[in-house]
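Read-outs: derived from the displayed coordinates by stated rules, not from any lab. Only a predicted model underlies this, so the values are computations on that prediction, with no experimental measurement involved. Positions of Cβ are generated from backbone atoms using ideal geometry, with glycine treated the same way; all protein chains shown enter the neighbour counts.
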């Protein structure tokens, strides 16, 4: 009996440790606003979005005067919107209006990040976009990078966009620890799943998966798995040769041609046959 009780206490202690560690391993937020689109010479509006659980989120709306599409962008797990400004500005300069909202606990957003929390953040961003920013006749594109791919795929399962772009995606959290048996075992006690592939089961629209074949953080095989498991019959995979995880993909000559070709085929749902 003593051994049984001791075993239960050890498992409980390990579980509590995993629950304490998991947000600290998944999220690396930077507080504050270090830069705005003004630093990139672009006009913008600050937006405030309230989630279903009452968290106030901070974001930017960078409207293009003659857009070819409207993007909702979800960034990776590090920094805040200021860190991702160069990526956002590049998308805006390629003739897209773009809404980007910091997750809870990031930048000037309130709250603390969690997996369920950032899904609520996605729901709130979509509602804000749909009610006040969306223009008829333009394709709506959900676009996510790294952790943002999980959020974008979740968003697509809730409210289908006209196109979905996932960069440096992974099928689920456990796939990231396949080479580390200890962490893989401990991950069984985690409540975080980050299951991109599960979210994509409900999405059948145009899908583009982009992954660097030299990615040292999220294995290239993970991006391929996301693509292969995706249910969409309209899916495309683009491999960026020699690209690592934290590279600015826009600087590569093979990046925007692939994006442009994909977007050219995307049309607002009401215009589809």
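Considering the conditions (1) in contact with a helix residue (DSSP H, G or I) (Cβ under 9 Å, 6 or more places away or on another chain); (2) in a helix (DSSP H, G or I), residue 148 is excluded by exactly one of them, (1). When restricted to residues that are in contact with a helix residue (DSSP H, G or I) (Cβ under 7 Å, 6 or more places away or on another chain), in a helix (DSSP H, G or I) and buried (at least 19 other Cβ atoms within 10 Å of the Cβ), the stretch 90-118 contains 1.
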